[in-house]
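Novice: Handing you this structure, nothing more for now.
We did not get these values from a lab; they are worked out from the coordinates using the rules stated. Keep in mind that this is a model prediction, so the values were computed, not measured. Reconstructed Cβ throughout: ideal geometry from the backbone, glycine too, with neighbour counts over all protein chains shown.
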Amino acid sequence: MFSSEFKLMEVTRSILDLILIPRKERTMIQTLGEIISGWQTSYAFAVAGDRAVAEQGTKPYIDNVTSFRSIQRHCFNDNDNRNRAIDERADAVCRKMGNSGDEIAFKLYCKAFNHLSEATVWDCVELASSKGRTPVKYLSWLLRQELIKVNKW
């Protein structure tokens, strides 16, 4: 693999000399070729580390190489849990108000739970369900007013 890269660099240099590229541009192109070959070497090193982990189990040949797959198994995204909790709360509001299939209202409730406190949203729900002629519209208006107060509308 490395002999073919060396041949490629030799051919590149000879082509550059034939085309008569100015010296400044020629060195820039040669530098790019060296960077690319360095990347290829780094990639080969990482693949060798992954193979070592696979062959030896948990004892790699090189101690400081960690497989991406092992890192991926232990990473958790807290935003996923937060978004799931917001979706569940918004779904509870939809069920309480009786508009479970309304996507626009669901998005508004998610936005409200994201930017407002949970107590504020539930206060608006209670107020809308007790005093409003059309509770869904009144709740949307109340949440919009609260979002305007915190500059999130």
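Novice: Using per-residue counts of other Cβ atoms within 10 Å, averaged over each peptide, order 129-142, 79-92 from highest down.
Specialist: By packing density, highest mean first, the sequence is 129-142, 79-92.
Novice: Got a sec to turn the phi values of segment 143-150 into Karplus ³J(HN,Hα) couplings, 6.51 cos²θ - 1.76 cosθ + 1.60 with θ = phi - 60°, whole Hz, x for Gly and Pro?
Specialist: 5, 4, 5, 5, 5, 5, 4, 9
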